[in-house]
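Student: My structure is below; once you've seen it, I'll send some questions.
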Ligand code: FES
């Protein structure tokens, strides 16, 4: 079964309706679409562009300007390795390397099975837990490279 949700025009219409089709709510509309599909599918962007009477290129400009938007499908789980100063000093780069090796992707990429997207972050304010890895909203503190497989294992079947 495909992990990419099919774009249903009625769902996009529902999101547009919840913001009263307001152009000044464009960012929030895109946020809701991203939340629904975990990325911004072109079919959904076309519906929004038509509805708000905006050129599609303008939507792509907004989508590429904000780092929180993705034009590519994202993994079911987001792994974020902290590379802020405290985490960096306590081995963050080695932990990142291990995630890259085990997942077979580089930071910023998604595994082909769409299970995981690997990212880096710069300090999430939990330096006492360094080195820190976030999976979705779970904090994995004092991580070691040897724990990488165990961490991923917790999410592989979810
Ligand atoms: S440097 Fe990683 S949480 Fe602060």
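Student: Which residue is farthest from the ligand (Cβ to nearest atom), if the candidates are limited to segment 125-138 and must be within 26 Å of residue 4 (Cα to Cα) and touching a strand residue (DSSP E or B) at 6+ places or on another chain (Cβ under 8 Å)?
Tutor: Step by step, filter segment 125-138, then rank; the result is 136.
Student: Tell me yes or no: at least one residue of segment 100-109 is loosely packed, with under 15 Cβ neighbours inside 10 Å, in a loop (DSSP other than H, G, I, E, B) and more than 15 Å from the chain's Cα centre (by Cα).
Tutor: yes
Student: Right, next: Output yes when any residue across segment 78-96 is part of a helix (DSSP H, G or I), more than 10 Å from the ligand (Cβ to nearest atom) and surrounded by 17 or more Cβ atoms within 10 Å (Cβ to Cβ), and no when none is.
Tutor: For segment 78-96, residues part of a helix (DSSP H, G or I), more than 10 Å from the ligand (Cβ to nearest atom) and surrounded by 17 or more Cβ atoms within 10 Å (Cβ to Cβ): present.
Student: Within segment 112-124, identify whether any single residue is in contact with a strand residue (DSSP E or B) (Cβ under 9 Å, 6 or more places away or on another chain), under 22 Å from residue 39 (Cβ atoms), without any contact (Cβ under 8 Å) to a residue 12 or more places away in the chain and not in a helix (DSSP H, G or I), and answer yes or no.
Tutor: No: segment 112-124 contains no residue that is in contact with a strand residue (DSSP E or B) (Cβ under 9 Å, 6 or more places away or on another chain), under 22 Å from residue 39 (Cβ atoms), without any contact (Cβ under 8 Å) to a residue 12 or more places away in the chain and not in a helix (DSSP H, G or I).
Student: Do we have any residue at all in segment 49-62 that's surrounded by fewer than 19 Cβ atoms within 10 Å (Cβ to Cβ) and either within 16 Å of the ligand (Cβ to nearest atom) or closer than 21 Å to residue 134 by Cβ (or both)?
Tutor: Checked segment 49-62: no residue is surrounded by fewer than 19 Cβ atoms within 10 Å (Cβ to Cβ) and either within 16 Å of the ligand (Cβ to nearest atom) or closer than 21 Å to residue 134 by Cβ (or both).
Conditions (1) out of contact with any strand residue (DSSP E or B) (no Cβ under 9 Å at 6 or more places or on another chain); (2) assigned by TED's automatic domain parsing to the domain that holds residue 128; (3) free of Cβ contacts under 8 Å to residues at least 12 places away in the same chain, marked per residue:
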{"residue": "50", "(1), (2), (3)": "yes, no, yes"}
{"residue": "56", "(1), (2), (3)": "yes, no, yes"}
{"residue": "60", "(1), (2), (3)": "yes, no, no"}
{"residue": "72", "(1), (2), (3)": "no, no, no"}
{"residue": "83", "(1), (2), (3)": "no, yes, no"}
{"residue": "94", "(1), (2), (3)": "yes, yes, no"}
{"residue": "97", "(1), (2), (3)": "yes, yes, no"}
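Student: Do we find a residue being within 20 Å of the chain's Cα centre (by Cα), within 13 Å of the ligand (Cβ to nearest atom) and surrounded by fewer than 18 Cβ atoms within 10 Å (Cβ to Cβ) anywhere in segment 110-119?
Tutor: No, segment 110-119 contains no residue that is within 20 Å of the chain's Cα centre (by Cα), within 13 Å of the ligand (Cβ to nearest atom) and surrounded by fewer than 18 Cβ atoms within 10 Å (Cβ to Cβ).
Student: Right, another one. Which condition number does residue 69 fail, the rest of (1) within 18 Å of residue 16 (Cα to Cα); (2) not in a loop (DSSP other than H, G, I, E, B) being met?
Tutor: Only one criterion in (1) within 18 Å of residue 16 (Cα to Cα); (2) not in a loop (DSSP other than H, G, I, E, B) is unmet by residue 69, namely (2).
Student: Here's a follow-up. Output the number of residues of segment 139-158 satisfying the condition of being more than 16 Å from the ligand (Cβ to nearest atom) and part of a loop (DSSP other than H, G, I, E, B).
Tutor: Residues in segment 139-158 being more than 16 Å from the ligand (Cβ to nearest atom) and part of a loop (DSSP other than H, G, I, E, B): 2 in total.
Student: Name the single residue that is surrounded by the fewest Cβ atoms within 10 Å (Cβ to Cβ) among those in segment 7-24 being under 19 Å from residue 41 (Cβ atoms), modelled with pLDDT of 95 or more and out of contact with any helix residue (DSSP H, G or I) (no Cβ under 8 Å at 6 or more places or on another chain).
Tutor: 10
Student: Return yes or no: is residue 45 more than 16 Å from the ligand (Cβ to nearest atom) and over 21 Å from residue 5 (Cα atoms)?
Tutor: No; evaluated as a whole, the condition is false for this residue.
Student: For segment 25-42, which positions are more than 17 Å from residue 71 (Cβ to Cβ) and surrounded by 15 or more Cβ atoms within 10 Å (Cβ to Cβ)?
Tutor: 25 - this is the single residue of segment 25-42 that is more than 17 Å from residue 71 (Cβ to Cβ) and surrounded by 15 or more Cβ atoms within 10 Å (Cβ to Cβ).
The values are calculated or read from the model by the stated rules, or taken from the named source; none is laboratory data. Not measured: the values here are computed from a predicted model. Note: ideal-geometry Cβ built from the backbone for every residue, glycine included; neighbour counts use all protein chains shown.
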